[in-house]
Amino acid sequence: MTDLPLGMKYYLLIFTSSLIEDLNDYGVKWIANEPGIAIRDVEKAFFCARALETRMPDEPGQADPRLWPELMKSIHTIRRVLDVVEKTTFDAVIAEAMETTSDIARADIRHVFEQKREAGEVDFRLHGLLNTKPDSGEPDPAVREAFMLKRARRYQSFMAFDGATLNDDEKVILNDAQSVARHIMDGDRDNRRIDALLVMGAVLIETASVRPKARIPRLIRDSFDRMATKAAMALGAIVYRDEYREFKASLGLERLDSDL
């Protein structure tokens, strides 16, 4: 299975570069001392990283088709080691980013209600939610309502983003992500994938916006540049989830905790 979507190929290249960077940041000695990791796995991960650094093409079209299975196997090897070190999964990060409380939700709804009222519209449904308290122990319907309002705002912002501050590879991923988001919002809005897309989309928009601001110190812009690249990578993980799973399965690789 080497007839992968162009966006997924870009994603794999970005992902691999990020993993190599993370691996080098930790260092072989530090990782080798981490409980739960066999030294042979550490050595294999660093060997894969060194071998890949000399073979990574700038563009997917420059790659030998045989590179993609090797790339996936190397990603799997490196990711298996980093999973033990980092002890967090993508799902956990998304859940934390989207967590809210009843008080926060009601404050958000009140803000939207007041904005509408100032514009001459009285939203009686929101007014009713604000003036109704749930019974003790019962879930607050305001939480879901606030979440849906936030989702709508994020969706509008995400779909309006033209990617002007993105690199070419990131733009391909963004376009595919916007297509997936539109498809979900036109159909199954209960699909949790949309919320992961919109959260990472918001991060990408915010971090990439710093790139062209020449008055910001270079060191800070470089930091935001790396964050934007990682946000695009995370977006790719969501967009190409099914193709990624299928590709891994075709190579006989087991699922990792960090896989979507």
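In a residue-by-residue description of the stretch 225-235, the property of being assigned to a helix (DSSP H, G or I) and among the basic types (Lys, Arg) applies to at least one position.
Per-residue answers, yes or no, for (1) basic (Lys, Arg); (2) out of contact with any strand residue (DSSP E or B) (no Cβ under 9 Å at 6 or more places or on another chain); (3) surrounded by 14 or more Cβ atoms within 10 Å (Cβ to Cβ); (4) more than 25 Å from Asp257 (Cα to Cα):
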position	(1), (2), (3), (4)
Asp168	no, yes, no, yes
Met185	no, yes, yes, yes
Leu204	no, yes, yes, no
Arg226	yes, yes, no, no
Met233	no, yes, yes, no
Glu246	no, yes, no, no
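Does Ile75 satisfy the criteria of being surrounded by 11 or more Cβ atoms within 10 Å (Cβ to Cβ), among the β-branched types (Val, Ile, Thr) and modelled with pLDDT under 75? For Ile75, the condition - surrounded by 11 or more Cβ atoms within 10 Å (Cβ to Cβ), among the β-branched types (Val, Ile, Thr) and modelled with pLDDT under 75 - is not met. Taking residues in the stretch 38-62 that are in the same structural domain as Asp22 (by TED's automatic domain parsing) and within 13 Å of Glu21 (Cα to Cα), and partners anywhere that are at pLDDT 75 or above and of a type in the set (Gly, Ala, Ser), the pairs with Cβ atoms closer than 7 Å and at least 6 places apart or on different chains are Cys48/Ser74; Leu52/Ser74.
Each row is one residue, and each column tells you yes or no for (1) over 15 Å from the mean Cα position of the chain (by Cα); (2) free of Cβ contacts under 8 Å to residues at least 24 places away in the same chain.
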{"position": "Phe161", "(1), (2)": "yes, no"}
{"position": "Ala208", "(1), (2)": "no, no"}
{"position": "Ile220", "(1), (2)": "yes, yes"}
{"position": "Met227", "(1), (2)": "no, no"}
{"position": "Ile238", "(1), (2)": "no, no"}
{"position": "Glu243", "(1), (2)": "yes, no"}
{"position": "Glu246", "(1), (2)": "yes, no"}
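The values are calculated or read from the model by the stated rules, or taken from the named source; none is laboratory data. Values in this document were obtained by computation on a predicted structure and should not be read as measured data. Here the Cβ is made from the backbone with ideal geometry for all residues, glycine too, and neighbour counts use every protein chain on show.
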